[in-house]
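Heads up: the structure comes next, in structure tokens.
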Amino acid sequence: MAVLQKIRQRSLLLILVIGFCLLAFIIGDLFNNGGFKSSPKDVGSVNGKDIPFEDFRIKVSNLEKSGQQGMTPTQAVNRVWDQEVSIALLTAEFDKLGLIASEKHILEVFKNDQNIGQNPMFQTKGVFDLAKFKEYFKSNPEQAQYLKDREKDADINAKYQIYNTLVKAGVYTTETEGKLKYEMEANKVTFDYVAALFSTVKDSDVKVTDAEIVDFMKKNEKKYKADETREIEYVLIEDKASPEDENEVKTTVNSLLTGRVVYNQATAQNDTLPGFRETTNDAEFVNENSDIPYDSTYVAKKDLPAEHAEQLFNLPQGQIYGPYMRGPYYCLSKSLGRKAGVNAKASHILISYEGTQVPNKKEKRTKEQAKAKAESLLAQVLANPSSFLMLALTNSDDSSAQQGGDLGYFSQGQMVKPFNDFVFNNPVGKIGLVETDFGFHIINITDKQDAVRLATIAQKIEPSDATSDKTYQKAVKFEMDANEKDFEKVAKEAKLTVNPPVKAKAMDENFGSVGNQRQIVRWAFESGTKVGEVKRFEIANVGNIIAKLKKVNEEGLTPVEDARPGIEPILKNKKKAEILKAKMKGNSLDAVAKASGSAVQQALDITLENANLPNVGQEKKVVGTAFATGINKISAPIEGNSGVYVVQTKVVTKAPVLKSHADYIAKVKSQVSGYSGRVIPALKDEAEIEDNRIKFNY
């Protein structure tokens, strides 16, 4: 009672103390998690133009809902981000140029839109009907926002098409360029030369410092610009079956071969149940004892497990093969018989006509014209079966034409009925004509496959609960020890391997050999994660990854250790070139050769287009100098790709003058035809892009 009395007397003090503690806890949490820091409301910006988070989130959500196969949430985020950046950059360009998309341009975009122009709801006789399109939205005002969004997208697409046309029109090839191309291919030079190769100077004689690499990168800043990255090293503790787990599964599967005695509670007696050898209901037996349900289909030899295919395919009916391993499964298989001609292989030549749903028609024709052409081709094939491939290449109206009409193997029911019936009701080698909804097919049956039906008991070898518990305990202990001691030392003591560091950007999700592990990358970029910090991640069906943040690379130049493999050889060759140039003195090639310890060599009829020196390789700079140096004159030392050269030009043979360089203009055009595709990457290189996606927990 005395204690309770004292508590009552000091109740106000207790309330104040508890309140103060709670407040301190909340304030500490706010500071630790950046609660008082201003959070960005925009997911990023492009040249000062913000990308609002809410709009971005809705677009990501819509893309995810579209159900594109295999797309991860991070891939959806990255795709929308790329689109938003591209749209922002292009829109700025459109505004600078004053581009306007007319209603006609927007309608053309609608016509090519699969959801609008290709939608039967908005078509009349297979053609986009603007009146139907407008009437639909007039009758369904609740869809007005959808139309508004589509018009906005169509406006951007239409402007981009105009813009792209302008860019392409600006990339043209002149007669002078065609002439230069011709002369580079046709003008020839013969010269003597001395080559002092870089390989003659030891790498140990030239050193490249970190400062020199940094200086080189600064002179080529765009090329060596690097995003902010994190280096994460890790240990993987796999949750895998122990030898005891394996033996338990093997014992269980092996015991199924023979009958077993079980107690029947209903009759209070022991029943003898048949084993896999004796059972008369294979499907039921498999479904009761296998992790993979019974499959009644017939399987071709090529589709059986490769290392066991021969034995399984030739297994007599009723006999059992195994036990054997198939991936992580321990298996027994019983043959239930073989069936002839289950799969077939055929080639065809498709001749379609107006009205059939075939996108690659080579020519317009009526049904009667198609039939006449098909009959003509059939006659040619029957007269000369070896002509089938070439006739398919040049005449077939479907994509199989590229494979000479070859359709590969298929089973019963995969093809339309008339095609299916012809193939499966006739022998290999039969050639005939069949009509389907796609048109007329000249069919050549090229092969048939027998198949077997198997009853297979497959039990997966996987870790038991006891094994998984041990793995978990080992991983937790490693995490605790690694947070207190040296990561590599703890791994060595535990007989675990520290994997090479993974270098990740903020929006990466792939993590070394373990694939998509976005949560690890996100952790490494959290503001509270410090260098040296260790954290354990449970990975479903894999085990535990214990990761350590090893290094933070800020945005800027590529880290020296990453840049060195590419830059060091360049800088070493420059230093070697100075050593070699100092040796290459003399008034004649013989003197230069003697001074540098080399020999005088000859290059015959070399062109700039193919500036390949014998035993050296491509040296355009050397060949160009040979063209430019006067006859019998000796050049100054030339720093090439593989060494330092001195040349003495002997003969320059000019190509005959052409009236037209049209063929060479066409060559240059083909080389620059894809230049318009470089616009967006070029705009990105010049843009100021702020990316805040990681701050929104993506």
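Find the residue count for region 604-654, including only residues that are over 21 Å from Glu185 (Cα atoms), aliphatic (A, V, I, L, M) and either surrounded by fewer than 19 Cβ atoms within 10 Å (Cβ to Cβ) or free of Cβ contacts under 8 Å to residues at least 60 places away in the same chain (or both).
Qualifying residue count, region 604-654: 3.
A quick yes/no check of all residues on (1) of a type in the set (A, V, I, L, M); (2) touching a Leu at 6+ places or on another chain (Cβ under 7 Å):
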position: Glu212; (1), (2): no, yes
position: Asp215; (1), (2): no, no
position: Asn220; (1), (2): no, no
position: Ala226; (1), (2): yes, yes
position: Leu236; (1), (2): yes, no
position: Glu248; (1), (2): no, no
position: Val253; (1), (2): yes, yes
position: Asn270; (1), (2): no, no
position: Gly275; (1), (2): no, yes
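Show me the helices (runs of 4 or more DSSP H) found entirely inside region 1-108 where at least 2 residues are modelled with pLDDT of 50 or more. Give the steps one after another, and end with the answer.
On the way: elements: 2-9, 11-32, 53-65, 73-97.
Per the criteria, 53-65, 73-97.
Only one of Val77, Val85 is within 25 Å of Phe511 (Cβ to Cβ), open to solvent by less than 20 Å² (accessible area, probe 1.4 Å), touching a Gly at 6+ places or on another chain (Cβ under 9 Å) and in contact (Cβ under 8 Å) with a residue 24 or more places away in the chain. Can you tell me which? I'd like the intermediate steps shown before the answer.
Details: Val77 fails: touching a Gly at 6+ places or on another chain (Cβ under 9 Å).
None of the others qualify; the one that does is Val85.
Which count do you get for residues in region 371-385 that are of a type outside the set (S, T, N, Q) and open to solvent by 80 Å² or more (accessible area, probe 1.4 Å)?
Taking region 371-385 as the starting set, the residues that turn out to be of a type outside the set (S, T, N, Q) are 371-375, 377-379, 381-383, 385.
Now drop any that are not open to solvent by 80 Å² or more (accessible area, probe 1.4 Å), which leaves 371, 375, 382-383.
Total meeting the criteria: 4.
Using the structure shown, decide if Ala582 is surrounded by fewer than 16 Cβ atoms within 10 Å (Cβ to Cβ), free of Cβ contacts under 8 Å to residues at least 24 places away in the same chain, out of contact with any Ser or Thr (no Cβ under 8 Å at 6 or more places or on another chain) and of a type in the set (A, V, I, L, M).
Working: surrounded by fewer than 16 Cβ atoms within 10 Å (Cβ to Cβ): yes; free of Cβ contacts under 8 Å to residues at least 24 places away in the same chain: yes; out of contact with any Ser or Thr (no Cβ under 8 Å at 6 or more places or on another chain): yes; of a type in the set (A, V, I, L, M): yes.
Judged against the criteria, Ala582 is a match.
When Arg277 is evaluated against the numbered criteria (1) farther than 30 Å from Thr446 by Cβ; (2) assigned to a strand (DSSP E or B); (3) open to solvent by 70 Å² or more (accessible area, probe 1.4 Å), which criterion, by number, is the only one it fails?
All conditions are met except number (2).
Identify the residue in region 280-303 that is in a helix (DSSP H, G or I) and of a type in the set (A, V, I, L, M, F, W, C) and, among all such residues, is surrounded by the most Cβ atoms within 10 Å (Cβ to Cβ).
Narrowing region 280-303 to residues in a helix (DSSP H, G or I): 282-289, 301-303.
Adding the requirement that they be of a type in the set (A, V, I, L, M, F, W, C) leaves 283, 285-286.
Details: Ala283: 14, Phe285: 21, Val286: 24.
Residue satisfying both the conditions and the ranking: Val286.
When you go through Gly413, Gly408 one by one, which is the residue that is open to solvent by 10 Å² or more (accessible area, probe 1.4 Å), under 35 Å from the mean Cα position of the chain (by Cα) and either modelled with pLDDT of 95 or more or closer than 13 Å to Lys345 by Cβ (or both)?
Details: Gly413 fails: either modelled with pLDDT of 95 or more or closer than 13 Å to Lys345 by Cβ (or both).
Every option except Gly408 fails the conditions.
So, of the residues in region 668-698 that are buried (at least 16 other Cβ atoms within 10 Å of the Cβ) and of a type in the set (Lys, Arg), which turns out to be nearest to Ala577 (Cα to Cα)?
Arg693
Let me spell it out: the conditions are (1) in a helix (DSSP H, G or I); (2) without any contact (Cβ under 8 Å) to a residue 12 or more places away in the chain; (3) within 30 Å of Glu93 (Cβ to Cβ); (4) open to solvent by 40 Å² or more (accessible area, probe 1.4 Å), and Asn157 meets all of them except one. Which number is the exception?
(2)
From the residues in region 247-265 that are in a helix (DSSP H, G or I) and hydrophobic (A, V, I, L, M, F, W, C), which one is surrounded by the fewest Cβ atoms within 10 Å (Cβ to Cβ)?
So the residue we want is Val249.
Take the conditions part of a strand (DSSP E or B), within 30 Å of Asp295 (Cβ to Cβ), open to solvent by less than 30 Å² (accessible area, probe 1.4 Å) and of a type outside the set (Asp, Glu) and apply them to Ala458. Does it pass? Give the derivation first.
Details: part of a strand (DSSP E or B): yes; within 30 Å of Asp295 (Cβ to Cβ): yes; open to solvent by less than 30 Å² (accessible area, probe 1.4 Å): yes; of a type outside the set (Asp, Glu): yes.
When the stated conditions are applied, Ala458 passes them.
Against the definition (touching a residue at least 12 places away in the same chain (Cβ under 8 Å), part of a strand (DSSP E or B) and either among the small types (Gly, Ala, Ser) or surrounded by 14 or more Cβ atoms within 10 Å (Cβ to Cβ) (or both)), how does Tyr353 come out, yes or no?
Here the answer is no, as Tyr353 does not meet what is asked.
Each row is one residue, and each column tells you yes or no for (1) outside any helix (DSSP H, G or I); (2) of a type in the set (D, E, K, R); (3) surrounded by 18 or more Cβ atoms within 10 Å (Cβ to Cβ).
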site	(1), (2), (3)
Asp450	yes, yes, no
Glu462	yes, yes, no
Thr467	no, no, no
Tyr472	no, no, no
Phe478	no, no, yes
Lys495	yes, yes, no
Pro500	yes, no, no
Ala504	yes, no, yes
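Considering each residue of region 661-695, count those that are assigned to a helix (DSSP H, G or I), within 26 Å of the chain's Cα centre (by Cα) and closer than 30 Å to Ala506 by Cβ, and give that number.
Residues in region 661-695 being assigned to a helix (DSSP H, G or I), within 26 Å of the chain's Cα centre (by Cα) and closer than 30 Å to Ala506 by Cβ: 11 in total.
Given the structure, is Glu368 acidic (Asp, Glu), open to solvent by 60 Å² or more (accessible area, probe 1.4 Å) and part of a loop (DSSP other than H, G, I, E, B)?
Details: acidic (Asp, Glu): yes; open to solvent by 60 Å² or more (accessible area, probe 1.4 Å): yes; part of a loop (DSSP other than H, G, I, E, B): no.
So Glu368 fails the test.
If I ask for residues that are open to solvent by 40 Å² or more (accessible area, probe 1.4 Å) and touching a residue at least 12 places away in the same chain (Cβ under 8 Å), which ones from region 513-526 would you list?
The answer is Ser513, Asn516, Gln519, Arg522.
So, Ala268, is that one exposed (fewer than 11 other Cβ atoms within 10 Å of the Cβ) and more than 16 Å from Met325 (Cβ to Cβ) or not? Explain how you work it out, then say what you get.
Details: exposed (fewer than 11 other Cβ atoms within 10 Å of the Cβ): yes; more than 16 Å from Met325 (Cβ to Cβ): yes.
Spelling it out, Ala268 is indeed exposed (fewer than 11 other Cβ atoms within 10 Å of the Cβ) and more than 16 Å from Met325 (Cβ to Cβ).
Of all residues in region 180-238, which are loosely packed, with under 14 Cβ neighbours inside 10 Å, in contact (Cβ under 8 Å) with a residue 40 or more places away in the chain and in a helix (DSSP H, G or I)?
Residues satisfying the conditions are Ser199, Asp203, Asp205, Asp210, Lys218.
For region 304-320, does any single residue satisfy the condition of being within 20 Å of Ala401 (Cα to Cα) and surrounded by fewer than 19 Cβ atoms within 10 Å (Cβ to Cβ)?
Step one: list which residues in region 304-320 are within 20 Å of Ala401 (Cα to Cα), which gives none.
No: zero hits.
Evaluate the following for Glu151: is it of a type outside the set (Val, Ile, Thr), within 23 Å of Ser86 (Cα to Cα) and in contact (Cβ under 8 Å) with a residue 40 or more places away in the chain? Step through it out loud before you land on a result.
Working: of a type outside the set (Val, Ile, Thr): yes; within 23 Å of Ser86 (Cα to Cα): yes; in contact (Cβ under 8 Å) with a residue 40 or more places away in the chain: yes.
Spelling it out, Glu151 is indeed of a type outside the set (Val, Ile, Thr), within 23 Å of Ser86 (Cα to Cα) and in contact (Cβ under 8 Å) with a residue 40 or more places away in the chain.
Of the conditions (1) surrounded by fewer than 15 Cβ atoms within 10 Å (Cβ to Cβ); (2) under 30 Å from Lys207 (Cα atoms); (3) not small (Gly, Ala, Ser), Asn541 satisfies every one except a single condition; which number is it?
Exception for Asn541: condition (2).
The values are calculated or read from the model by the stated rules, or taken from the named source; none is laboratory data. The shown structure was predicted, so the numbers you read here are calculated from the model rather than taken from an experiment. Here Cβ is always computed from backbone atoms with ideal geometry, including for glycine, and neighbour counts include all displayed protein chains. Calculation scope for accessible area: heavy atoms of the full protein, side chains included, ligands and nucleic acids excluded. Shrake-Rupley method; radii C 1.70, N 1.55, O 1.52, S 1.80 Å.
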